[in-house]
Amino acid sequence: FSLVNRKVEISTPVVSYSSWKNISSEYERPCVFIRIAYTEGLDGNNVLILKEKDVKIITDLMMGGAGNADDSEELTDLHLSAIGEAMNQMMGSAATSLSSMFNRKIDISPPIANIVETYNEIDDSLPPFLAEPFVMVAFKMQIGDLIDSEIMQLYPIDFARELLNMFSLDPTMGG
């Protein structure tokens with residue numbers, strides 16, 4: 001809300017296994033991949049995927065606009081920087097929550113945002129874990145009446161297991 005000055009609603013996530021082949025056949029292109037690594041407290045990384053139009057709307061709102069998304073406009077470094085900052089704040093809040101839950105410091109790296117034009121194959125700009133099956137957390141994101149979309153977060157299976165084990169071992173989590 002504070003970044004876009006609009007009501008933001010995010011649904012309960014749906015967790016599933018997925019693969020590069022499934023993502024490539026189901027998700028719009030071009031899109032934006034935002035890579036975020038954990039630098040302290042957890043050993044792993046994840047990728048957020050956002051639709052190009054959603055990135056344009058969020059960026060316009062962050063710049064004080066009305067949420068316009070010109071389909072003919074190319075995504076620029078300004079768009080990538082702005083969405084990186086928005087995701088940095090969102091994932092930073094998540095890391096702070098995890099820190100509180102597990103009573104240990106958890107920190108993240110600055111996000112790296114890339115435009116992904118095609119899904120033909122995994123190249124060097126994408127994390128290697130996408131070559132194997134991975135865990136996908138999908139949730140619906142609504143921003144006012146401007147965005148009603150799905151956002152995906154992808155995790156390596158080993159990292160997802162580590163998180164699950166941390167929840168299972170924490171007596172306050174019912175484990």
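Evaluating SER72 against the criteria (1) at pLDDT 85 or above; (2) surrounded by fewer than 14 Cβ atoms within 10 Å (Cβ to Cβ) leaves one unmet condition, (1).
A single member of VAL55, VAL14, VAL8 is closer than 21 Å to PHE139 by Cα, among the β-branched types (Val, Ile, Thr) and in contact with a helix residue (DSSP H, G or I) (Cβ under 8 Å, 6 or more places away or on another chain), and it is VAL55.
Does the stretch 121-129 include one or more residues that are open to solvent by less than 20 Å² (accessible area, probe 1.4 Å) and outside any strand (DSSP E or B)?
Keep residues of the stretch 121-129 that are open to solvent by less than 20 Å² (accessible area, probe 1.4 Å), which gives 126-127.
Among the residues that remain, those that are also outside any strand (DSSP E or B) are: 126-127.
The answer is yes; a qualifying residue exists.
Wholly within the stretch 1-84, which strands (runs of 3 or more DSSP E) include no fewer than the required count, namely at least 1 residues that are of a type outside the set (Asp, Glu) and touching an Asp or Glu at 6+ places or on another chain (Cβ under 8 Å)?
Working: elements: 8-10, 14-18, 31-40, 44-51.
The qualifying strands (runs of 3 or more DSSP E) are 31-40, 44-51.
Selection of first residues in the stretch 111-140 that are hydrophobic (A, V, I, L, M, F, W, C) and of second residues that are modelled with pLDDT under 75, restricted to Cβ pairs under 7 Å at least 6 apart or on distinct chains, gives the following pairs, ordered by first then second residue: LEU130/ILE122; ALA131/ILE122. Look at (1) at pLDDT below 90; (2) among the aliphatic types (A, V, I, L, M); (3) loosely packed, with under 13 Cβ neighbours inside 10 Å and you find that MET91 fails only one, number (3).
Please tell me if TYR38 is open to solvent by less than 50 Å² (accessible area, probe 1.4 Å), touching a residue at least 12 places away in the same chain (Cβ under 8 Å) and within 22 Å of SER99 (Cβ to Cβ). Give the derivation first.
Working: open to solvent by less than 50 Å² (accessible area, probe 1.4 Å): yes; touching a residue at least 12 places away in the same chain (Cβ under 8 Å): yes; within 22 Å of SER99 (Cβ to Cβ): yes.
Judged against the criteria, TYR38 is a match.
For the stretch 65-82, name all the residues that are over 17 Å from PRO30 (Cβ atoms) and in contact (Cβ under 8 Å) with a residue 40 or more places away in the chain. Correct list: GLY67 only.
The values are calculated or read from the model by the stated rules, or taken from the named source; none is laboratory data. Just so it is clear, the structure is predicted and the values come from calculations on it, not from any experiment. All Cβ positions, even for glycine, are placed from backbone atoms using ideal geometry, and neighbour counts span all protein chains on display. Heavy atoms of the whole protein, side chains included, go into the accessibility calculation; ligands, DNA and RNA do not. Shrake-Rupley method; radii C 1.70, N 1.55, O 1.52, S 1.80 Å.
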